[in-house]
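The values are calculated or read from the model by the stated rules, or taken from the named source; none is laboratory data. Bear in mind the structure is a predicted one, so any value in this text is a computation, not a measurement. All Cβ positions, even for glycine, are placed from backbone atoms using ideal geometry, and neighbour counts span all protein chains on display.
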Amino acid sequence: MFFAPLPTLVSAATILCSAVAAQEQTQRLWPAAIPLAVRSPYFSSWMNPTVDTGPPFMWASFWDGTRTLGWANYVRVDGATWLWLGRYGNASTIKEVEITPTRSIFTFQAGPMEVKVTYLSPIEPADLVSQSFPFSYMSFEASSTDGNPHAVEVYSDISGEWASGINSNLIQWNLTTTTASTYHTVLRSTLQPMTETNNIAEDSQVYLGMSSRSGLTWQTGTDTALRDSFSSTGQLANAQDPTFRAINGRDWPVFAISANLGTITSTSSPVVWCIGLVRDPSIVAWNGASSEDRHPYFKTRYQDVSSAIDAFLLNFPNARDRAVALDEKLMGEAEKVSDQYADLISFATRQTLGGLEFTTSRVADGSYDPSDLQIFMKDIGSNGQTSRMNPVEGIYAAFPALLYLNSTWAYSILLPHLKFHNGSQDGTSFVAPDLGSFPVSQSTSHQDLRGVEDTSSMLIMVYAHALYSGNGSLIARYHPLLKRWGDYLVNRTMNPANQLTADGGQAGTSVNLMLKGIVGVQAISGISQALGDSAASQMYSDQAKNFITQWRDQAMNDGHLISDIGDPQSWGLIYNTFADKLIRSNLVGQDIYDSQAAFYKQLAGDSTNLFGLPLRSSGSDARSDWTMLTASTIEDPSTRDAFIAMVHSRANYNGTLGAFPVTYSASSGNVTRGIASPAQGAVYSLLSLQLQPQAIAIPATTPDVPANRPARGLSSGAIAGVVISAVAAAASLIVAFFLWRRIRNRSATSDSEEGGPAMTPFVQVEGYPSIPPLEVAAAAPSNASSKRQQQQQWEQRSQTPSSFVPPVSQEPTSLSAYSSSTNNQLRDVVEDLRREVELMRGHTNYTYTEPPPEY
């Protein structure tokens, strides 16, 4: 067996090799699931090392570990074929694994070649479009271990299991070639919009592609036939199977791409595949007055998936460099806390962002609005029949990661709730726990079952966003709604009878819930102060101080906080102290923080629970998200690290199927709920508390989109440096041109629904490269006509009998990259210009048949 139930584990950030008794020994990391391609709620594939055979003898699977996602990968060396992912074949020998926030890197031995395979799911804080494109990379590198050259070919195929949750469903396919790439498209013959089966979307189009290169061959056909053909000849037939059929129909259809690398001692550059899953529309959102289709945000730059795939593949070297820089930045900051904390950042990052859909809307002329980014979260891993959309407690848990990585993301995930409630006609004065069932929100009224919990969370998050981004547009636009929520908390915080709490306590007596409500009241005080309403700010602040005095009198016993008023023997994780720290309300005195740290230290030292402390003394389940929020408030390093170690133990535990769960038995690790949940973003709580407050700028108008200023993230201080006079002069000229261009075009530029300029990513951090995305260059009019004809053929094909022979498309595409700036100040100016161009594109009839705007 490759794995023990709980193996000896080391840092997930890197697999360490150490010399022991003059012999090098490599320790391996085997959590329950290793991310492969994780970009959205429906595009989430993992390797599950819990199965007896061990890698590479396993299929990729969906996040819950129960749905196979057929993905077979082979390398052929001197005529001998070796498997690195899949179920059948001659297995290569796995040597080590490295997990970073953006990558899973496997090293295998395949005969005389050492193979490195990297699964990269990009995280792009500086580029909203790239972040929203639901594609991942798989790259292959190899080097000879005997010093001799060897003939090498590589192969990858996927099955239709990615496109539907029901294997008996009919699927169809197509092969597209452009001057830049070759890719397969796979989808159900009859799409079912906004429908899922066992969490698998039934309206997906799935893609497997590779950049155009010498030695590339492809084929559609029976799984065994294609793999045997590659094993025998090292290439494919460049032919499509003409018979559409069921996913598991006669002779399972698969979709393969291979490459002949020739006779080499090492690869000169990686061989790269892309894999992706697109749904369009991806969300139906209820904005408080009506429902609207929401589309993938990448369409604000790319009119079609083909252009986006070309750009994505050609941009791999830059995307890899950005990923490495981001990993180094995140891990460097996390390792200042501890190596185990850095491991948790590695585990949590892709999982958090993999629960989100980045969307936009269409404007009257049919184009997509770059100023209208809204993010929707799926309650992945919930135990119900349906998953909730934008669950408030899930957003609250993930909020530290979003705020830290890019505060625009924090803004954009709060916006759907604000729009929903602002237009609500049901007269409620509290926050609904969610927006309905993912991916379709409903215009339903809500009972006051968790009003204090969720209303407090929203006020805390809205204020925290303004505090750390300096962007006051949300609080300005929605101040009346926020004030209504604040008044609700004033009336209900100290008497929240008949409500639920996020930690399973009794609302009327929960010390933790009362504290959150009090901090929520202080949040509306801060919001009012930022808006210049000093009288209201003072009123809410006085209420919060009055409440906290009452709370202290009832919540303390024997030198620590109890969990339930009236039960002096009760205790729990009072994780809502994180909210007090986050918005710097200073309501919870230092004496309470000190006494709680001492009490937690005693609990951790006496506990026989390997995976965490129970949330409450009356319970048995631990929660990683609330544990990490608690850990962030503990100043004593040894006690803080004990909490981190318990969560780390569960993250590394592979005794159960599925990606890192949120809720599990504190003693056994058995899953309760929350497999692959984006709530793991709570791991970032320690980093988020290092962010520095900003002066909150209130716009003259109250747009429904962020102000055009850098959002802060990934930094704990300002960018420093001296710009030489020549560069400063150049920057001044560009700024002058930028301002003139903006003034000239403002009167001609129509705003989005509420008005306002385009989204902006976080300010660049020194050492983190800014590499502008690839843009699609002008295409000939005849190409546009050809693409329309291809689209018509594709639409006709969806109604065509399964005997139809799919065409091979020819789509010439030309792409070019902009170069990056050599200094931060000039780079920021250029980035502002790029965003301004994106905004102008979104509000004009510009198409890619015209030359793109230049800087």
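Could you identify the single residue in 191, 226 that is out of contact with any helix residue (DSSP H, G or I) (no Cβ under 9 Å at 6 or more places or on another chain) and either surrounded by fewer than 19 Cβ atoms within 10 Å (Cβ to Cβ) or not assigned by TED's automatic domain parsing to the domain that holds residue 158 (or both)?
Numbers: 226 fails: either surrounded by fewer than 19 Cβ atoms within 10 Å (Cβ to Cβ) or not assigned by TED's automatic domain parsing to the domain that holds residue 158 (or both).
Every option except 191 fails the conditions.
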Given (1) touching a Lys or Arg at 6+ places or on another chain (Cβ under 9 Å); (2) of a type in the set (S, T, N, Q); (3) under 23 Å from residue 578 (Cα atoms), where does residue 352 come up short, assuming only one miss?
-> (1)
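Conditions tested, residue by residue: (1) in contact (Cβ under 8 Å) with a residue 24 or more places away in the chain; (2) closer than 26 Å to residue 661 by Cα; (3) surrounded by fewer than 24 Cβ atoms within 10 Å (Cβ to Cβ).
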site: 332; (1), (2), (3): no, yes, yes
site: 341; (1), (2), (3): yes, yes, no
site: 355; (1), (2), (3): yes, yes, no
site: 360; (1), (2), (3): yes, no, no
site: 364; (1), (2), (3): no, no, yes
Out of the range 98-113, which residues are buried (at least 21 other Cβ atoms within 10 Å of the Cβ) and either in the same structural domain as residue 401 (by TED's automatic domain parsing) or hydrophobic (A, V, I, L, M, F, W, C) (or both)?
-> 99, 106, 108, 110, 113
Residues of the range 366-381 satisfying the condition of being on the phi > 0 side of the Ramachandran plot and crowded, with 24+ Cβ neighbours inside 10 Å = 381
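Listed here are the residues, each with its yes/no results for (1) assigned by TED's automatic domain parsing to the domain that holds residue 283; (2) among the small types (Gly, Ala, Ser); (3) in a strand (DSSP E or B); (4) under 20 Å from residue 77 (Cβ atoms).
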position: 95; (1), (2), (3), (4): yes, no, yes, yes
position: 115; (1), (2), (3), (4): yes, no, yes, yes
position: 119; (1), (2), (3), (4): yes, no, yes, no
position: 130; (1), (2), (3), (4): yes, yes, no, no
position: 136; (1), (2), (3), (4): yes, yes, yes, no
position: 140; (1), (2), (3), (4): yes, no, yes, yes
position: 154; (1), (2), (3), (4): yes, no, yes, yes
position: 165; (1), (2), (3), (4): yes, yes, no, no
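I need a count of the residues in the range 601-657 that are assigned to a loop (DSSP other than H, G, I, E, B) and either at negative phi or among the acidic types (Asp, Glu) (or both).
Of the residues in the range 601-657, 22 are assigned to a loop (DSSP other than H, G, I, E, B) and either at negative phi or among the acidic types (Asp, Glu) (or both).
With a cut-off of at least 1 residues that are under 29 Å from residue 618 (Cβ atoms), name the helices (runs of 4 or more DSSP H) lying wholly within the range 451-513.
Numbers: elements: 451-469, 473-477, 479-492.
In the range 451-513, 451-469, 479-492 are the helices (runs of 4 or more DSSP H) which contain 1 or more residues that are under 29 Å from residue 618 (Cβ atoms).
Among 282, 290, 266, which is closer than 25 Å to residue 442 by Cα, surrounded by fewer than 17 Cβ atoms within 10 Å (Cβ to Cβ) and of a type in the set (Ser, Thr, Tyr)? Reasoning before the result, please.
Numbers: 282 fails: surrounded by fewer than 17 Cβ atoms within 10 Å (Cβ to Cβ); 266 fails: closer than 25 Å to residue 442 by Cα.
Exactly one residue qualifies, and that residue is 290.
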Lone qualifier among 679, 642 - being surrounded by fewer than 22 Cβ atoms within 10 Å (Cβ to Cβ) and modelled with pLDDT of 95 or more = 642
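This table checks each residue for (1) surrounded by fewer than 24 Cβ atoms within 10 Å (Cβ to Cβ); (2) closer than 15 Å to residue 353 by Cα; (3) in the same structural domain as residue 466 (by TED's automatic domain parsing); (4) not small (Gly, Ala, Ser).
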| position | (1), (2), (3), (4) |
| --- | --- |
| 386 | yes, no, yes, yes |
| 390 | no, yes, yes, yes |
| 399 | no, yes, yes, yes |
| 406 | no, yes, yes, yes |
| 409 | no, yes, yes, yes |
| 412 | no, yes, yes, no |
| 428 | yes, no, yes, yes |
Extreme residue, nearest to residue 421 (Cα to Cα), among residues of the range 284-293 that are out of contact with any helix residue (DSSP H, G or I) (no Cβ under 9 Å at 6 or more places or on another chain) and modelled with pLDDT of 90 or more | 291
Residue that is touching a strand residue (DSSP E or B) at 6+ places or on another chain (Cβ under 8 Å) and either of a type in the set (Gly, Ala, Ser) or in a loop (DSSP other than H, G, I, E, B) (or both), where the choices are 194, 210 | 194
